[in-house]
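Engineer: Before I ask anything, let me first share the structure, which is written out below as C-alpha cells.
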Amino acid sequence: MSDFDVVVVGAGPAGSAAAIELARAGRSVCLLERGPSPGSKNMYGGVVYGRILDTLVPAWWEQVPVQRWVTRRSTMLIHDEQALTVDFRNPGWGAAPFNGATTFRPDFDAWLAGVAVDAGAVLVCSTTATGLIREGGRVVGVRTDRPDGDLRAPVVIACDGVNSFLAKEAGMYPHTGAENFTVGVKETIALPREVIDERFAVRGDEGVDIEILGCTGDVPGGGFVYTNATSVAVGLVLSLPALAAGPDRPEELLRRLKAHPAVAPLVEGGEVLEYSAHVIPEAGYRMMPELVGDGILVAGDAAAMCLAAGIWLEGVNFAIGSGAAAGRAATRALARGDASAAGLAAYREMLESGFVLADHRRLRDAPHLVMGDLAQRGLPAVACGVMEDLFTVRNPEPKQGVRRIVRNRMRRNGIRVRDAVREGLRAVRTFG
Amino acid sequence: MLVAACVKLVDLRPQVDRVSGAVTPSATPGCSAADRAAVELALTLADSWSASSAVVCCGPAAADPVLREFAASGAGRLVRLDVDGAPDSSIVGRLLAGVLGDLGADVVVCGDYSTDRGSGSVPAWVADGLGAAQALGLVQVRSEGVGSLRATRRLDGGRRERLVVDAPCVVSVEGSLAELRRAPLAAALAARDLPIEVVDAPGVVVPAPLATRPWVPPTRVQPAPTGSAALERVVELTGALVERTPPRTVELPPRQAAELILEQLRTWGYLDADDSTPGGTAAT
Ligand SMILES: Cc1cc2nc3c(=O)[nH]c(=O)nc-3n(C[C@H](O)[C@H](O)[C@H](O)COP(=O)(O)OP(=O)(O)OC[C@H]3O[C@@H](n4cnc5c(N)ncnc54)[C@H](O)[C@@H]3O)c2cc1C
C-alpha cells in the first residue's frame, strides 16, 4: 500500500516546484527535507531569476522575500592588480515584472515550500531519505532515517541536490568524477545599507551582481560579488581537481579576492557574518544523469541542471523549471496508472521543449570553455593589458594602433593568433 | 500518575544588534534545548513508570505545530494556555500551576530557563502554585522508583549537589541533560492534524515588551581644564598624574557588599544621594 502518490526528496527549489504542481493537480505528495526547515542546509551565490515563477506563482514578486532587485550587472576581468569591468545598468529591472533578485536561501526556500504546503503538500522536515525501496527493479518509495521510516509511493522525485545519492543508488548517474564538479565558497559580509548604496552606486531596493574572471590564481574558476539589503556576498567557484592537486585553499583564494584593489573598497570594514561552501555540478549537459527510471524522476541539481556558463550562473530557475516539469509528468503518469519509465517519459520531452534542456544543450561547451586556460588567464591578461596600453599616455611617444597593441599583448602573454581564433570560433558557436 | 513537561515557544534565531541591543525577530519559532530535554525526561519517566504524559505550553497558537512534534515523539496530551505576548513569570507560573493541577500532574519537568531573557523563575512559581517540592537547574535525573527522583544540580565553583525529590514535585533541567527522541515517521505524519486542548486565560495582563537599550553611565559635569599648555590640559583632563584612590578588595556578606557599592557610586556622583538605582535612566 502506498502512503502517498508521490514522494519528493529535498525541499529545495526543484522539490518545492514539483510538490506545487502535484498538490495543485490534487495528488497526495510528501515533501521530505533533511534540514530542520527548507533552505536551512542550502547556500548559493545569491541571485534568483524569477521569470520561471510567473506561471507557478503569478505576481510572485509581491510575496517573495527579496533582499534587493538586481539593476546593475557587471562582468569584471582581473589581472594582477588591474581590473576591466563591463557595467550594465537597467533601472527597468527594478520594477515589475522584475528580472533577478538577491534573496537568502532559508527565506526563499521556506517561502516556496510554503506555497507547496498551502497547495496541499505534506512537508516533513528533519528527515533524511537514506535509500530507495524497490520492488522488481522498480522504485516504490524511500527509506528515511526516522524510526519506522519507510515511505511508499508509486513515484519518487529525487530533488536531493548535487551529488544525488538517490540518483546514484538508482544507477542513473554515470558521471561522478571530480572533473565534473566545482566547489563554491562564499562570505557574507555585513555593511550598513547606506554604505552599500554608496559603494555600489544604487538606491533603495536596487542591487548589483558582479561576475569576475581571472581572480582564482592557478585554480580555474570565477568569482562573484552580490549585494543584499545590509550585507554583501563575495565568493568563488573553483575547479575541484585543481584545488585538490594544488597548494591553494579556497579561503586563501577568497582572502586574495577580497584584498584585490577592485574589490577591497567594496567590502572593507564589513563584518564577516558567515562562511559557507557547496558543490556545483559544473559540467551541466555533459554530466547529466538519466532523468527517468521506473518509478523515479531526477530534477534540479540532482540532475546536474545548474547552468554554469561563465557570465551566467543560474541554478535556481533551472531547478524550478525541471522540478515543475517532473511534477507535471508524474501527474500525467499517475492519471494513466503507469509509473514505469515509459509512463514517465513525458518529463524528458517537457524539458527538451522548454528552456531547461534547450539552454543546456546549446551551452554544453560553455563550462569547458570558461574553465580553459585562454578564458582563465589569457583573456583577462590581454584585456587588461590592452586597456593599459590604450589609456597610458606616453608622450612624446605617439599613440599605437589598437591592432598592434592587441598583437603585442597577445605575444607577451604567449597567446598565438591561431589558438585565439580557434577558441573565439568555439565561443561564437557556443554562445552565438 | 501523570508526568507533565512545560515548554515555551521562543524565537530560536533572533538577531540582536550588538551595539543597540535591538532585537529583530526571525521566522524560526521553536522550543529551547532545555525545554526539549524536559520533554524527553518527562517521556522517559512516564515510560519507566507506566505513567501518562502531557506537554503544557503557555503561549500563542503559533506553538501548536511545535507541540504536535512532541506528540509525534510520544507525549500523551497536549494542552495550550492561550496567551499572546509575554506576561510576567509569576503570572505564567500561576496559570501553568492551575492547568497542571486540573490535569493532576504528579511530576512536572521544565527547562531551566527560556532563551528569550528568561529568569528561570517559572518552575519555582509552578511549584509554589502546586504546593510541590522543587529542584531547579538539574544536570542529571534518574528514577528511583515510581514518583521518586535522584537528581544532580550544578552549583558554583564546579561543585554538584545531589538531591532526592519525591512527587508531587517540579524539576527544571539544563538542555544538555537529554536529547529529544526522533519521532517515528508515521507518528510525525499522524501528529500533523492532532487536536490541541486550548485553555482560555482571560484577563491576563501582558505588559508592553521592555524597551531595552545599552546602559550608559550618565555624564557628569567636569570643569574645563585650566592649564596654559595643551599637555597640561590633557594631563589634567585624563587625571593621569593625579593621586588616585587605589582599588581595594573587600569581602563582605551580600547585603553589606551591595550597600558599599551603592555608597561608592554615590561618592563618584553616579547616584544621587537619595537614589538607589544607577543613573535613573534605562535602569535594569
Ligand atoms: C556557490 C554557489 C553559488 C550559486 N549561485 C547561484 C546564483 O546566484 N543563482 C542561481 O540561480 N543559482 C546559483 N547556484 C546554484 C543553485 O544553488 C542550485 O542550482 C540550486 O540550489 C539547485 O536547487 P535544487 O532544488 O536542485 O537543489 P538544492 O538547492 O541543493 O536543494 C536540495 C535539497 O534537498 C535536501 N536533501 C538533500 N539530500 C536529502 C535527503 N537524502 N533527504 C532529504 N532531503 C535531502 C537538501 O537539504 C536541500 O534542501 C549557486 C550554487 C553555488 C554552490
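Just so it is clear, none of the values below were taken in a lab; they were calculated from the coordinates. Predicted, not measured: the structure shown is a model, and the values here were computed from it. For neighbour counting, all protein chains shown are included, and Cβ atoms are generated from backbone atoms with ideal geometry for every residue, glycine included.
Engineer: Of all beta bridges DSSP finds with both residues in the protein assembly as shown, what is the antiparallel percent, to the nearest 5?
Structural biologist: The answer is about 60 percent antiparallel.
Engineer: Pick from B:Arg220, B:Arg80, B:Arg154: which residue has the top mean-square fluctuation in a GNM of chain B where Cα pairs under 10 Å get a spring?
Structural biologist: Result: B:Arg220 has the largest fluctuation of those listed.
Engineer: Still on this structure, please answer the following. Quick one: plug the Kirkwood hydrodynamic radius of the range A:181-237 (C-alpha pairs) into Stokes-Einstein at 20 °C, 1.002 mPa s, and report D in µm²/s. Spell out each step's value before the answer.
Structural biologist: On the way: Rh = 12.1 Å.
The calculation lands on 177 µm²/s.
Engineer: Please compute P(r) over all alpha-carbon pairs of the range A:323-424, binned at 5 Å starting from zero, and give each bin as a whole-number percent.
Structural biologist: The calculated distribution, bin by bin, is 2, 11, 14, 12, 9, 8, 7, 7, 7, 7, 6, 5, 4, 2, 1, 1, 0.
Engineer: Here is a further query. Give me, ordered by chain and number, the residues 5 or more places off B:Gln134 or on other chains with an amide H under 5 Å from its own placed amide H.
Structural biologist: Result for B:Gln134 returns B:Val170.
Engineer: Another one. Give the percent of DSSP beta bridges with both residues in the range B:2-200 that are antiparallel, rounded to the nearest 5.
Structural biologist: Percent antiparallel among DSSP bridges in the range B:2-200 is about 35.
Engineer: What list of ³J(HN,Hα) values in whole Hz, one per residue of the range A:281-296 in order, does the Karplus curve 6.51 cos²θ - 1.76 cosθ + 1.60 (θ = phi - 60°) give from phi, with Gly and Pro shown as x?
Structural biologist: Values per residue, Gly and Pro as x: x, 5, 6, x, 3, 6, 10, 4, x, 5, 8, 10, x, 5, x, 9 Hz.
Engineer: Over what distance in Å are the Cα centres of the range B:4-33 and the range A:90-156 separated?
Structural biologist: What the calculation gives is 26 Å, centre to centre.
Engineer: Right, next: Using all alpha carbons of chain B, what is the percent of pairwise distances in each 10 Å bin, ordered from the shortest bin to the longest?
Structural biologist: 6, 23, 26, 19, 12, 8, 5, 2, 0
Engineer: For peptide B:184-195, how many partner chain Cβ atoms fall within 10 Å of a residue's Cβ, on average?
Structural biologist: 4
Engineer: Show me, for the range A:42-52, the HN-Hα J-couplings you get by feeding each phi into the Karplus relation (A = 6.51, B = -1.76, C = 1.60, θ = phi - 60°), rounded to Hz, glycine and proline as x.
Structural biologist: These are the phi-based 3J(HN,Hα) values: 10, 9, 7, x, x, 10, 10, 9, x, 3, 5 Hz.
Engineer: Now a separate question. Obtain the nm distance between the two label points defined at A:Ser28 and B:Val164 by a simple spin-label model: each point lies 7 Å from its Cα along the Cα-to-C-beta direction.
Structural biologist: About 5.3 nm separates the two model spin labels.
Engineer: What is the distance in Å between the Cα centres of the range B:113-185 and the range A:404-427?
Structural biologist: With the range B:113-185 and the range A:404-427 each reduced to a Cα centre, they are spaced 75 Å.
Engineer: Provide Rg over Rh for the range B:64-182; use the alpha carbon set for both Rg and the Kirkwood Rh (inverse mean inverse pair distance).
Structural biologist: Rg divided by Rh gives 0.95.
Engineer: Taking amide H atoms as placed 1.01 Å from N in the peptide plane, list the residues 5 or more away in sequence, or in a different chain, whose amide H sits under 5 Å from that of A:Ser74.
Structural biologist: A:Phe88, A:Asp209, A:Ile210, A:Glu211
Engineer: Calculate the FRET efficiency for A:Arg416 and B:Asp17 from the Cβ-Cβ distance with a Förster distance of 56 Å, rounded to the nearest 0.05.
Structural biologist: 0.45
Engineer: For chain B, which DSSP H helices look membrane-span-like by this rule: Cα extent along the axis of 15 Å or more and mean Kyte-Doolittle of at least 0.5?
Structural biologist: Taking the DSSP H segments of chain B (at least 15 Å long, mean hydropathy at least 0.5), we get B:33-49, B:89-103.
Engineer: I would also like to ask the following. What is the calculated FRET efficiency for A:Asp338 to A:Asp150, with r their C-beta to C-beta distance and R₀ = 30 Å, to the nearest 0.05?
Structural biologist: Details: r = 23 Å, r/R0 = 0.78.
The calculated FRET efficiency here is 0.80.
Engineer: Output wanted: per-residue J couplings in Hz (rounded whole) for the range A:60-65, from phi through Karplus 6.51 cos²θ - 1.76 cosθ + 1.60, θ = phi - 60°, x for Gly and Pro.
Structural biologist: Those phi angles translate into 4, 5, 7, 10, 5, x Hz.
Engineer: In addition: Along each of its three principal axes, how wide is the spread of alpha-carbon positions in the range A:1-145, in whole angstrom units, largest first?
Structural biologist: Dimensions of the range A:1-145 along the principal axes of its Cα atoms: 62, 38, 27 Å.
Engineer: So, one more: Scanning chain B for GluC sites (Glu not before Pro) in DSSP loops with at most 11 other Cβ atoms within 10 Å, what's the longest stretch left with none?
Structural biologist: Free of exposed loop sites, the longest segment is B:1-178.
Engineer: Could I ask something else about it? Roughly how large, in nm² to one decimal, is the mean projection of the convex hull of the alpha-carbon atoms in chain A? All intermediate terms of the calculation are to be shown ahead of the outcome.
Structural biologist: On the way: hull surface 89.8 nm².
Spelled out: convex hull of the Cα atoms, projected over all directions, averaged, 22.5 nm².
Engineer: If you don't mind, there's one more thing I want to ask. With unit charges on the beta carbon (Lys/Arg positive, Asp/Glu negative), name the residue among A:Ala19, A:Ser239, B:Gln15 whose Cα is farthest towards the positive pole of the charge dipole of the protein assembly as shown.
Structural biologist: Of A:Ala19, A:Ser239, B:Gln15, it is A:Ser239.
Engineer: Amide H neighbours of B:Arg77 under 5 Å, at least 5 residues apart or on other chains, H built in the peptide plane: list them.
Structural biologist: Placed amide hydrogens put B:Ser53, B:Ala54, B:Val55 under 5 Å from B:Arg77.
Engineer: Looking only at trypsin sites (Lys or Arg not before Pro) in DSSP loops with at most 13 other Cβ atoms within 10 Å, what is the longest site-free stretch of chain A?
Structural biologist: Here the longest run is A:1-202.
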